[in-house]
Ligand code: KG4
Ligand code: ZN
């Protein structure tokens, strides 16, 4: 069964053709980052307009790359929730039009469960084996930071969530304070490789480091507002010459190496700045890893999965691998192309939904936010 999936919940217009849930025939992502960068964040109306302009071309590319004619498609899948409403509506309306004109089943997919599926797209054997459950899923993206327990019957329970910013926001807002461009997560990741993450001690939200005990109800919850404020104060203490520093940082970003021939003063300034970045990243990563491993212990998870855009972060991947190995829990991290928003995760999960008898009507609605996740229908067996 070949499913055409559409994803337009935020700032990527993505379309994919996936066969039988796991065979990704094409996975096309058209990013709008350049359009939103001047505003320092995603502008919902602008995102919707860009999706409208792009979606037909992206669908054509996805079909061409998959070498599939639209007549060979068996179902249309689309992200229905959560996300930016104007952006979601473009995908949902387009999917309805396609499903109706081609007389195909329409499947609305939850973006969060789809992110979790993104980690399992190459892991059919793990999905099928009862020994894999319960699975603890860490979802770290620009909009969400969640710990979700997945039972064998597909029941999902949110056991941890952020009380303020998402981990991706901690990176993007931190980057803004550091005067880096949007989205700053990948830049912090790149620059931190040149700094010393142990030099500055930034707070780890809700991890008990401040001396105040963590309330039991927040044991698995996250908070990133403190670390962001601490970064702001830390930077105020340094008398950085922004013009000179920015030039050196831009050179570093372009060449991915420390610029040569910096004078002693500039070289020290760059070192201090990079150490601050690496230490900031270390604090965010530490908090995420500490909470996740507590979740593994509390729920005796048999598998740990990590997904969402922030799961691309090299230090987070490295640290979680170390801790998962120590705890002897198998860890599956989504491939970077399935971490950030994509439609393969939508078309892949939609297959499981169809096999579980789920199908939507043409009155399918886009919903910007959700309180609970419900189920991820992984328990279909032939
Ligand atoms: O999952 P995603 O593509 O979109 C949402 O559903 O939010 O995640 C985007 C987020 C952004 O905040 C971006 O800065 C962050 O993921 N991100 C990273 C990295 N790559 C993307 N954060 C830290 N390190 C990275 N390498
Ligand atoms: Zn996402």
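Read-outs: derived from the displayed coordinates by stated rules, not from any lab. Nothing here was measured: the structure is a model prediction, and the numbers come from that model. When we count neighbours, we look across all protein chains shown, and the Cβ atoms used for this are built from the backbone with ideal geometry, even at glycine.
Label reach from residue 356 (point 7 Å along Cα→C-beta): in segment 81-109, amide nitrogens under 17 Å belong to 81-82, 106-109. Computed from Cα positions, the angle between helix 85-102 and the longest principal axis of the chain comes to roughly 20 degrees. Against the chain, whose longest principal axis is taken from its Cα atoms, helix 111-120 shows a tilt of about 90°.
How much of the DSSP bridge set in segment 129-334 is antiparallel, in percent, rounded to the nearest 5? The partial results should precede the final answer.
Numbers: 11 of 20 bridges.
About 55 percent, rounded to the nearest 5.
Cβ-to-Cβ counts within 10 Å put 127, 112, 346 in ascending order as 127, 112, 346, the fewest first. Ordering 360, 341, 34 by the number of other Cβ atoms within 10 Å of each residue's own Cβ, fewest first, gives 34, 360, 341.
The order of the peptides 169-178, 305-314 by mean Cβ neighbours within 10 Å, most packed first, is 305-314, 169-178.
For the listed peptides 35-44, 21-30, 285-294, a ranking on the average number of other beta carbons within 10 Å per residue, highest first, reads 285-294, 21-30, 35-44.
Modelled spin-label separation between residue 31 and residue 155, with each label point placed 7 Å from Cα along the Cα-to-Cβ direction: 4.0 nm.
With the largest listed first and rounded to whole Å, the semi-axes of the equivalent ellipsoid of the chain from the Cα gyration tensor are 37, 26, 17. Against the chain, whose longest principal axis comes from its Cα atoms, helix 225-236 is set at around 40 degrees.
For a modelled paramagnetic label at residue 85, 7 Å from Cα along Cα-to-Cβ, the residues of segment 343-382 in reach, with backbone nitrogen under 17 Å, are 364-371. Between residue 247 and residue 70, the contour length at 0.36 nm per residue exceeds the Cα-Cα span by 58.8 nm. Rounded to the nearest 5, the antiparallel percentage of DSSP beta bridges internal to the chain is 60%.
Give the calculated FRET efficiency between residue 45 and residue 177 to the nearest 0.05, with a Förster radius of 45 Å applied to their Cβ-Cβ distance. If you can, show how the numbers build up before the last one.
Details: r = 26 Å, r/R0 = 0.58.
Efficiency for this residue pair is about 0.95.
Note on residue 57 and residue 235: with the Förster distance fixed at 35 Å, the Cβ-Cβ geometry gives a FRET efficiency of about 0.25.
Taking a quarter of the surface of the convex hull around the Cα atoms of segment 326-374, what do you get in nm²? Don't jump to the answer; show the numbers that get you there.
On the way: hull surface 24.1 nm².
The orientation-averaged projected area of the Cα hull of segment 326-374 comes to 6.0 nm².
Note on the chain: with a GNM built from Cα contacts shorter than 10 Å, the maximum mean-square fluctuation among 296, 140, 254 falls on 254. Cβ-to-Cβ counts within 10 Å put 280, 182 in ascending order as 182, 280, the fewest first.
You can think of it this way: the chain between residue 363 and residue 297 has 19.5 nm of extra reach, that is 0.36 nm per residue less the Cα-Cα gap. Which FRET efficiency value, to the nearest 0.05, is calculated for residue 257 and residue 122 with the Förster distance at 35 angstrom and r the Cβ-Cβ distance? That pair, residue 257 with residue 122, gives E of 0.60.
Two decimals, Cα atoms only, Kirkwood Rh: what is Rg/Rh over segment 1-89? Walk me through the intermediate numbers first.
On the way: Rg = 13.5 Å, Rh = 13.4 Å.
Answer for segment 1-89: 1.01.
Mind ordering 153-163, 80-90 by average Cβ neighbours within 10 Å, highest first?
The most tightly packed comes first, giving 80-90, 153-163.
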